[in-house]
Every structure is written in structure tokens, then in C-alpha cells.
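K.L.:
Dropping the structure in here first, questions after.
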Amino acid sequence: MGESIRITGTVKEGAIAFGGDVIVEGTVEGDVAAIGGSVIQRSGSRIGGDVMVLGGIYYGDKTNQGRNPNSVTMMYAGYQDQLRRAMREPFSLLHPNFSAAFLGIRLLAILFWFIIAVALTAAMPNTVSRAVTRLQLASLRVAIIGIVGAVVLITGGILCLWVLPSIVGALLWLLIGLLSIVATLFGRVVISAATGRWLQRRLFPQLKSESVILLLGVTFWVALASLPYIWPIVDAGLLVVSLGLALTARYRLSWKKAES
């Protein structure tokens, strides 16, 4: 962790470096991986397993005699500096650097979610309105359903990978990912609309524009999700509530009528 590894002898298992390089001068019978670093294989060395590099480059033996013909190489060279810093200083992820780039990304996030919110409320006004009412009247129930749904999806997906064939497990994980994306989009719009209405009643009672109300809600949650140290909790809470709203989209119970 945060260190480079130089292998001059024989390693029977494997080697992995977080935020550093793996330099192979001897023999590694297992896999070699580097996250936020590179894998460097010297001439005359041998790697018996796979090579995985995330945020770095694999510099292999030019003779190609030091690799198992049946092994594979997986490499993604982007964001090397960011990954190296994150691996060496894990708590830096919880404390973002406030800069012009940071502000620009947050403004783009506000624009993105505002466009999504306007599009969904225009396409499904009744569905969004019912979901806002459901969130206001039974927020705890929606959150509990979201937590249970997340646990069931994750555990069920892991069990499917163990029990079912690989292609079926991969297909199920793809469906879980699509459900998560749809739930996040729908739930964030509903949460932003409910928050915007709450802010409008408390701060701007004369405001009547639905677009501005949506913008208020979107800006509030993007700003809250940008605060140091608490943003993982905010994002996790938004994801859970969004999943609960998606799973209860056709939930038929006698909900109480919302107050005007």
C-alpha cells in the first residue's frame, strides 16, 4: 500500500501494489497487479499468471518468453496520478480539493440533473407527482424498502455468479446495473422535486415556477453531495431512497392525501 515492489527471487502466490509499481526481476508464479502504478517486467524474469494494471502501463519482456501463453493482460492507463494519490492517501477521497475544476464539475452536475428532472417531469408528470407524495408521507417506509431491495439485489447477484453459468450471471448483473441506473435517475428527480418544494415553501413562498423549484432541489443535493467527509453518506442515502421509490412506483396502498 503506497509502496513499489521489487521482486528479485521467487514468489509462489502473486503480487499487487496499491499506489506503487511492481518490478519483476525474478519469478512470480501467480498474478501480478498494480492499481495506480505500473508493472515492469525485466528481461529474463517470468510471470506465470495474469497481469492487471489499472492507472498505469505494463512494460513487458520484449522476448515474450517470460509469460505463460495462456495468461492474459488487462490494462487501463488513464487517471494514473489520481489513482496513485488515492491509493497512497485513501482519506483524500473524502476531502476533495476545492478548485476551478471542482466547481466546474459541480456546475455540470447541476445542469445534468436539472435537464433530467425537467425531461422526466414533462414526460411523466403524474408518476413523479405521486412519487413525491409517497416520499413525503412514507419516507421511512420507502427507505426501508430501498435498503432491503439493495441487500437482496447484491446478495442475489453474488449467489447467481456462484451457482449459475457465467453468461447468465453476467446478464443478471447487467440487469441489476440497468435497474440501478433507472432507479437513480427517477429517484433523484423525485427527491429534487420534493426538496425544491420544501425550500420554496420555507424560503420563497411567492415562487410559482416549477422549473426554478426543480433547480433549487437539484442545486441543494449537488451541493450537499460535495461536502467533505459526508458525501459518501449522502450518495448512499440518495441511492437507497431512489431504489425504494423505484420499487414502490406501483405500490397500491391507501396513502393519505397530502396537505396542500
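K.L.:
Within the group Arg197, Arg188, which residue is within 16 Å of Ala109 (Cα to Cα), crowded, with 17+ Cβ neighbours inside 10 Å and charged (D, E, K, R)?
P.N.:
So the residue among Arg197, Arg188 that is within 16 Å of Ala109 (Cα to Cα), crowded, with 17+ Cβ neighbours inside 10 Å and charged (D, E, K, R) is Arg188.
K.L.:
Report yes if some residue within the stretch 249-259 is at negative phi, at pLDDT below 85, surrounded by 13 or more Cβ atoms within 10 Å (Cβ to Cβ) and not small (Gly, Ala, Ser); otherwise report no.
P.N.:
Yes; the residues of the stretch 249-259 include at least one that is at negative phi, at pLDDT below 85, surrounded by 13 or more Cβ atoms within 10 Å (Cβ to Cβ) and not small (Gly, Ala, Ser).
K.L.:
Looking at Val222, Val240, Val234, Val218, can you tell me which residue is hydrophobic (A, V, I, L, M, F, W, C), closer than 18 Å to Arg134 by Cα and in the same structural domain as Phe114 (by TED's automatic domain parsing)?
P.N.:
The unique qualifying residue is Val240.
K.L.:
Right, another one. Residues being more than 22 Å from Leu137 (Cα to Cα) and either crowded, with 17+ Cβ neighbours inside 10 Å or acidic (Asp, Glu) (or both): count how many of those fall in the stretch 203-234.
P.N.:
Count: 5.
K.L.:
Further question: Could you list all residues from the stretch 21-37 that are closer than 16 Å to Leu54 by Cα and free of Cβ contacts under 8 Å to residues at least 24 places away in the same chain?
P.N.:
Across the stretch 21-37, the qualifying residues are Val22, Ile23, Asp31, Val32, Ala33, Ala34.
K.L.:
Right, another one. If you take the residues of the stretch 149-170 that are under 19 Å from the mean Cα position of the chain (by Cα) and among the aliphatic types (A, V, I, L, M), which of them is nearest to Val118 (Cα to Cα)?
P.N.:
Only one residue tops the list, namely Ala150.
The values are calculated or read from the model by the stated rules, or taken from the named source; none is laboratory data. Just so it is clear, the structure is predicted and the values come from calculations on it, not from any experiment. With ideal geometry, Cβ positions are generated from the backbone for all residues, glycine too; neighbour counts draw on all protein chains shown.
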